[in-house]
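One structure coming up, written as structure tokens, with questions to follow.
Coordinate-derived values only; no laboratory data. Here the structure is a predicted model, which is why all the values come from computation and not from measurement. Counting neighbours? That spans all protein chains shown, and the Cβs are built from the backbone with ideal geometry, glycine included.
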Amino acid sequence: MLLLLNCYRFFAQDNFMINISEITFEETFSVRHIVLRAGKPIETCFFDGDDLPTTKHFGLFVNKKITGVVSVFQNKNNTFIADNQYQIRGMAVLNEAQKLSFGKQLVMHCETYVLEQKGSLIWFNARENASLFYEKLGYEKVGNPFSITDIGLHYLMFKKVG
Ligand SMILES: CC(C)(COP(=O)(O)OP(=O)(O)OC[C@H]1O[C@@H](n2cnc3c(N)ncnc32)[C@H](O)[C@@H]1OP(=O)(O)O)[C@@H](O)C(=O)NCCC(=O)NCCS
């Protein structure tokens with residue numbers, strides 16, 4: 001029922017248009033804040049490395065309204081031996097727009113970007129309740145779940161690309 005309502009809201013509009021484009025880290029905050037840092041100070045939306053030239057931020061727009069965001073950091077995790085690794089962070093879709101394939105499109109956009117950079121592996125710390133979403137996109141869990149303070153249980157997940 002919720003899915004149908006969401007579909008109605010988003011697809012019953014005239015001139016319906018979706019696009020994904022590069023944005024600044026500041027532009028991610030409106031979605032990060034509501035979805036990932038609800039009730040916390042806006043400063044908590046800033047991630048270390050957000051402002052590095054090697055970090056890219058992407059926004060999914062529905063009729064020019066920012067609806068989903070994701071960020072890609074060039075960052076090696078020593079669990080993996082691959083060169084040129086990238087980390088996905090801040091994956092978030094507005095609550096009323098979830099389960100409409102926007103998250104999937106954002107992850108696929110990141111994969112295309114990483115391939116263009118000749119990256120060989122994508123990894124991230126996935127919230128436990130989002131791990132199945134990533135598994136559906138071909139990501140695998142490594143090891144046991146672990147806790148991140150104030151946020152909850154996470155799994156380290158990865159996918160080889162290229
Ligand atoms: C997790 C999230 C990014 C997924 O984005 P989305 O746009 O809702 O997901 P999609 O519609 O692209 O889903 C793709 C597939 O994954 C499934 N899926 C989506 N979220 C899921 C979840 N939390 N658990 C299990 N499956 C999920 C969808 O049902 C769909 O399955 P299908 O291909 O069999 O139809 C989004 O729900 C979100 O922002 N959640 C809150 C914040 C969060 O947890 N972010 C991740 C931090 S690691």
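Considering only region 27-67, state which residues are under 24 Å from Val161 (Cα atoms) and either in contact with a strand residue (DSSP E or B) (Cβ under 9 Å, 6 or more places away or on another chain) or assigned to a helix (DSSP H, G or I) (or both). So that I can check it myself, show each step before the final result.
The initial filter retains those residues of region 27-67 that are under 24 Å from Val161 (Cα atoms), namely 49-50, 52-60.
Correct list: Gly49, Asp50, Leu52, Thr54, Thr55, Lys56, His57, Phe58, Gly59, Leu60.
Checking Thr79 against (1) in a loop (DSSP other than H, G, I, E, B); (2) within 14 Å of the ligand (Cβ to nearest atom): exactly one of these is not met. Which one?
All conditions pass for Thr79, except number (2).
Given (1) under 21 Å from Val62 (Cα atoms); (2) touching a residue at least 12 places away in the same chain (Cβ under 8 Å), where does Ser101 come up short, assuming only one miss?
Of (1) under 21 Å from Val62 (Cα atoms); (2) touching a residue at least 12 places away in the same chain (Cβ under 8 Å), only one is false for Ser101: (2).
State whether the residues of region 93-110 include one that is basic (Lys, Arg) and more than 11 Å from the ligand (Cβ to nearest atom). Let's see the steps before the verdict.
Here is the first cut: in region 93-110, the residues basic (Lys, Arg) are 99, 104.
So of that shortlist, the ones also more than 11 Å from the ligand (Cβ to nearest atom) come out as none.
No - not one qualifying residue is present in region 93-110.
Hey, among the residues in region 115-138 that are within 17 Å of Ile81 (Cα to Cα) and not polar (S, T, N, Q), which one's farthest from the ligand (Cβ to nearest atom)?
Within region 115-138, the match that is farthest from the ligand (Cβ to nearest atom) is Lys118.
Let me ask something else. Report, by residue number, each residue of region 58-76 that is away from the ligand (no atom under 12 Å from the Cβ) and farther than 18 Å from Asn125 by Cβ. Please lay out each step first, then the result.
Just the residues of region 58-76 that are away from the ligand (no atom under 12 Å from the Cβ), to begin with: 58-59, 61, 63-66, 72-76.
Scanning region 58-76 gives Phe58, Gly59, Phe61, Asn63, Lys64, Lys65, Ile66.
Yes/no matrix, rows are residues, columns are (1) free of Cβ contacts under 8 Å to residues at least 40 places away in the same chain; (2) in a strand (DSSP E or B):
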site: Val69; (1), (2): no, yes
site: Gly90; (1), (2): no, yes
site: Glu96; (1), (2): no, no
site: Leu106; (1), (2): no, no
site: Cys110; (1), (2): no, no
site: Leu115; (1), (2): no, no
site: Gly119; (1), (2): no, no
site: Asn125; (1), (2): yes, yes
site: Lys141; (1), (2): yes, yes
